[in-house]
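Read the figures in this text as sums done on the coordinates, not as results from a lab. No experiment lies behind these values; they were computed from the predicted model shown. Virtual Cβ from ideal backbone geometry, glycine too; neighbours counted across all protein chains shown.
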Ligand code: NAP
């Protein structure tokens, strides 16, 4: 059986950690050349060192900064002479705080990475695909969160709002880009064991797991496998969808 994404060029943000790192691993296993992009370049380099194959690069990107995003894509074009046709927007942050305590700066931090970052990377990627005549069979996967639909985690109002925005933007982007052959889908992970969730206290973790039908937290590779399926031509008729990867939520 041939590999799922053989010979395709993929760019993953947030590639230095958690879900993004596992997405890079599965993409490489399935034959893609991977650009592992993260604000933490050392972590992105560690990801690349852990991948099968050799045609992968680590790249610095700050997804909330247009200049950084455009510079990153220019570098990719220079290195590979073609734009990436698989884009995974995994860079994200969560900050726990009661809504009454949020100020504009905390609000902007979350919205700028999770929502504006997804916008800037998507826009720059699609422009590069159009300019490079490489829109056919392209796939963009945005990582939202199940909290966008079932917000049962106190202290995450702005995070939930940012992730609900990602679902809405995904749907609207799929309306605009479908005519070019670019699919855009969102994945909504539930509780996944990564550095992002490492500081959740044990009691809270137990409470959250009680709501999961499989009675356990998920592993980043369990999300990555779904993302790589969405990146591949095997999912060629899935577009504008939001796919829950939660173990089932009560
Ligand atoms: P993670 O382990 O914290 O990884 C996120 C990565 O994104 C980190 O390497 C982080 O760098 C990087 N990043 C943060 N801000 C950035 C920026 N401005 N530009 C470029 N890179 C940036 O988190 P994760 O759990 O893998 O989460 C991945 C995605 O899944 C996020 O969008 C998250 O919201 C979403 N998600 C996670 C869960 C979960 O349970 N883990 C559930 C639902 C959704 P630093 O380490 O330097 O900050």
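Residues in the stretch 74-94 that are away from the ligand (no atom under 11 Å from the Cβ) and within 22 Å of residue 111 (Cβ to Cβ): 87 alone. Scanning the stretch 77-95 for residues that are surrounded by fewer than 22 Cβ atoms within 10 Å (Cβ to Cβ) and touching a helix residue (DSSP H, G or I) at 6+ places or on another chain (Cβ under 8 Å) yields a total of 4. Note on the stretch 56-73: among residues that are near the ligand (Cβ under 10 Å from one of its atoms) and out of contact with any helix residue (DSSP H, G or I) (no Cβ under 6 Å at 6 or more places or on another chain), the one that is nearest to residue 127 (Cα to Cα) is 72. Note on the stretch 23-43: among residues that are buried (at least 21 other Cβ atoms within 10 Å of the Cβ) and near the ligand (Cβ under 8 Å from one of its atoms), the one that is nearest to residue 74 (Cα to Cα) is 37.
Counting just the residues of the stretch 207-247 that are assigned to a loop (DSSP other than H, G, I, E, B) and within 15 Å of the ligand (Cβ to nearest atom), which one comes out farthest from residue 25 (Cα to Cα)? Per the stated criteria, the residue is 211. Given the condition without any contact (Cβ under 8 Å) to a residue 12 or more places away in the chain and closer than 26 Å to residue 213 by Cβ, answer yes or no: does some residue in the stretch 141-153 qualify? Yes, the stretch 141-153 contains at least one residue that is without any contact (Cβ under 8 Å) to a residue 12 or more places away in the chain and closer than 26 Å to residue 213 by Cβ. Put simply, of 7, 16 the only residue that is in a loop (DSSP other than H, G, I, E, B), within 25 Å of residue 182 (Cβ to Cβ) and either within 10 Å of the ligand (Cβ to nearest atom) or touching a residue at least 24 places away in the same chain (Cβ under 8 Å) (or both) is 7. Within the stretch 180-210, the residues that satisfy the criterion of being surrounded by 15 or more Cβ atoms within 10 Å (Cβ to Cβ) and under 30 Å from residue 135 (Cα atoms) are 181, 182, 183, 184, 185, 186, 187, 188, 189.
Residues of the stretch 106-128 include none that is in contact with a helix residue (DSSP H, G or I) (Cβ under 6 Å, 6 or more places away or on another chain), within 13 Å of the ligand (Cβ to nearest atom) and closer than 13 Å to residue 15 by Cα.
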